[in-house]
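S.K.: Once you've had a glance at the structure underneath, I'll fire off some questions.
The values are calculated or read from the model by the stated rules, or taken from the named source; none is laboratory data. Since we're looking at a predicted model, the values are computed, not measured. Cβ: placed from backbone, ideal geometry, glycine included. Neighbour counts: every protein chain shown. Ligands, DNA and RNA are stripped out before the accessible areas are found, and what is left, the full protein with its side chains, is counted by its heavy atoms. Shrake-Rupley method; radii C 1.70, N 1.55, O 1.52, S 1.80 Å.
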Amino acid sequence: GRIAFNAIIDFGRTEAGNMRQFEATGCGAMLLTDYHPAINQYFEPDREVVTYRDVRELCEKILYYTNHPQERDEIAARGQQRCLREHSMEQRADEFNTIVKRYLAK
């Protein structure tokens, strides 16, 4: 697909990142994800991914980007570049290792 849909689950309220965001952008699809205040720690909204705040806005954006393939593909390409540059599996594993060590030290 050219557009990948994502919804952040309830128990991740303070965290904006999830695996689907990295899978979708890494594969070169435009990520359409629900808005979260912390999303910009991973991607720049409306430049590297697209966000929505409610079902009406989600539907509007699906129609818009379906009818504007060049704009959709440019966002997807920027999202993929960011993902491959900053969110590789190695980088995520290193971050996870840091978190585990921090909690083990307590």
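S.K.: Run the simple label-point estimate for Leu104 and Glu86 please: 7 Å along Cα→C-beta, distance reported in nm.
M.R.: That separation, rounded to one decimal, is 2.8 nm.
S.K.: Pick out, from Met89, Phe43, Ile8, the residue whose Cα sits farthest towards the positive end of the charge dipole of the chain, with +1 on the Cβ of Lys and Arg and -1 on the Cβ of Asp and Glu.
M.R.: About the Cα centre, the residue reaching furthest to the positive side is Met89.
S.K.: Length gain on complete extension for the stretch Cys59 to Ala93, per 0.36 nm per residue less the alpha carbon to alpha carbon distance?
M.R.: My answer for the length gained is 8.8 nm.
S.K.: Compute, for the chain, the length of the dipole vector about the Cα centre, with Cβ point charges of +1 (Lys, Arg) and -1 (Asp, Glu) only. Units Debye, rounded to 20.
M.R.: 280 debye
S.K.: Assigning unit charges at the beta carbon (Lys, Arg +1; Asp, Glu -1) and nothing else, what dipole magnitude in debye, to the nearest 20, does segment 28-67 show about its Cα centre?
M.R.: 60 debye
S.K.: Which of these values of mean projected area of the Cα convex hull in nm² was calculated from the structure shown: (1) 7.8; (2) 6.9; (3) 5.9?
M.R.: This structure yields the entry labelled (2).
S.K.: So for each of 60-66, 49-55 I average, over its residues, the number of other beta carbons within 10 Å; can you give me the resulting order with the highest mean first?
M.R.: Order by mean packing, descending: 49-55, 60-66.
S.K.: Find how much the distance from Asn18 to Asn40 grows on full extension, using 0.36 nm per residue of separation minus their present alpha carbon separation; answer in nm with one decimal.
M.R.: Full extension of this stretch gives 6.6 nm more.
S.K.: Hey, can you find the accessible area per residue of segment 17-98 for me, probe 1.4 Å, expressed in square angstrom?
M.R.: About 59 Å² of surface per residue is accessible.
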